[in-house]
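If you scroll down you'll find the structure; I have some questions about it.
The values are calculated or read from the model by the stated rules, or taken from the named source; none is laboratory data. Please read all numbers here as calculations on a predicted model, not as lab measurements. All Cβ positions, even for glycine, are placed from backbone atoms using ideal geometry, and neighbour counts span all protein chains on display. With ligands, DNA and RNA removed, areas are computed over all heavy atoms of the protein, side chains included. Shrake-Rupley method; radii C 1.70, N 1.55, O 1.52, S 1.80 Å.
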Amino acid sequence: MNKRKLINYALWIFIALFVIYEIYSEVGYKNNFGVMFTNLIITIISVFFLVFGDRYNFSLNKIFYTFSLIFFGIAPAFQYKYNVVFWNMGDFNDEDYFRTNLLIIFILISYQTFYYLFSKLKYKPRATNRKLYNPRSKTVTIFLFSLITTFFVMYYFNFNINSLLFRAFVTHKFEERSLMLIFSNFIRPIPVILFIYYKTMEQNNKFIESLLLLLVLISNFPTSEARYYTGTLYIAILLVYIRSFFKKYMLFNNLLILAFLIFFPFLNNFRSNVTWNLNLNLKYSFLAGDFDSFQMFMKVVKENYITYGKQLLTVLLFFVPRSLWTNKSVGSGSLLANTYKFTWSNISMNFFGEGYINFGIFGVFLFVIILSFTNAIYDKFFWHSKENLSDWRKVYYLFFIGLEIFILRGDLLSSFAYSMGILASVYFTWKIIYENNFRLKI
């Protein structure tokens, strides 16, 4: 074990002890030993496998445990202690919290077991027979394509500077939701995708790079879209821009946790209006509705709400318009909100809650296997494949780092549709840039 990793491990042990002290030393409204002890186990497991669960400097696996630490460990502890319940869900008793904690412990242990087994599957990186290309010959294509797309984004927002900068002022040109989704998740990300392709070519033309980055800011300013979208795009940019993330163990995840604690709540200021307040009282940040993931999962389990695959079918056929499918379901968060008359309906449903709402406990187990397989195989491909970083699958991995947070938080209908849109945009853009140089083989 090298010195840098040893220091990092020591730092995380210190952080874990500090968090544990902050959560469990203070007396709150509720302090049932079984609930707090199982919550402590969730926190410890999440921290342990975040640090020791794989050897990659950053990974989808680490994203999962970062999510678990915050949304299943830290946030529910504060919410339980201060008896905070979101959206008028109803009363949760100690048994509800205890049972949900046990189920999450089962999820974490099962996930890590399957992730380990899937990561041991033999994978032989294939040699590439692709013809060499001149990266400089692609610069003009990238710049013009980015410029045209940015102009279209500006046209879409009627060249309104407020709409380009702030989400609260956005008005969509298309009334049809399917057209809005095509614009938001296929067309609008293209300048960012092109910028990342340019960076993976490792060109040193700072002028072109600056122009491409300017087009990114014009077309996709951080405060102009939903937080999942902003996070997905700018995480990918940071990963190719700050190469230390590829070299220093856990550096990315350390910064990601800080972003969850500070930047994630801050961006909510631009959702319906524009304010610049930054609440640094982290304890009370966890009492906000942004961190309702645990309680939504608990509500599904408590009510034993099962649709027997209807929600999953809606997810898989997300592209079918409601005009053709009149009884198409809404997202699982909204479905629960409408069923139980919550005070707010545009809410999330985490990935394992989606499993339960489809097939009960079996669905949770099935979704654990799907997630562990996807993360293990994709992590291994990204870090061990001989393909260049400019390969579309590796570029999409950089976006999938942020998308996995969205998928885990939910709901699945939105996150799956958006993920497929960005995937299609990454692949389409790659074909435009490289198709003339070699034939794609999968």
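Let me know the Rg and Dmax you get for the stretch 66-125 when you use only its Cα atoms, in Å.
Spelled out, the Cα radius of gyration and Dmax of the stretch 66-125 are 16.4, 53 Å.
GLU303 to ASN205: extension gain in nm, 0.36 nm per residue of separation minus the Cα-Cα distance? Please list the in-between numbers first.
Values: separation 98, 0.36 × 98 = 35.28 nm, distance 5.84 nm.
Residue separation times 0.36 nm, minus the Cα-Cα distance, leaves 29.4 nm.
Oh, and also: Which order do the peptides 45-55, 145-155, 201-211, 226-236 take when ranked by the mean count of other beta-carbon atoms within 10 Å per residue, highest first?
Highest-to-lowest ranking by the protection proxy: 226-236, 45-55, 145-155, 201-211.
For a quick check of understanding: with a 1.4 angstrom probe and all protein chains in place, what accessible area in square angstrom does LYS302 have, to the nearest ten?
Roughly 80 Å² of LYS302 is accessible to a 1.4 Å probe.
Under a crude label model (7 Å from the Cα following the beta-carbon direction), how far is LEU258 from ASN388 in nanometres?
With each label point 7 Å from Cα toward Cβ, the separation is 3.3 nm.
Return the FRET efficiency for the residue pair THR374, LEU144: r is the Cβ-Cβ distance, R0 is 35 Å, and the value is rounded to the nearest 0.05.
It comes out at approximately 0.50.
Under the 0.36 nm per residue contour assumption, what length would be gained going from the current alpha-carbon distance of ARG55 and LYS328 to full extension? Working shown, then result.
Details: separation 273, 0.36 × 273 = 98.28 nm, distance 4.27 nm.
In short, 94.0 nm is gained.
Something else now. Between PHE37 and LEU366, what FRET efficiency follows from the Cβ-Cβ distance if R0 is 30 Å, with the result rounded to 0.05?
0.60
ASN160 versus LYS310, label points 7 Å from Cα toward the beta carbon: distance in nm?
3.7
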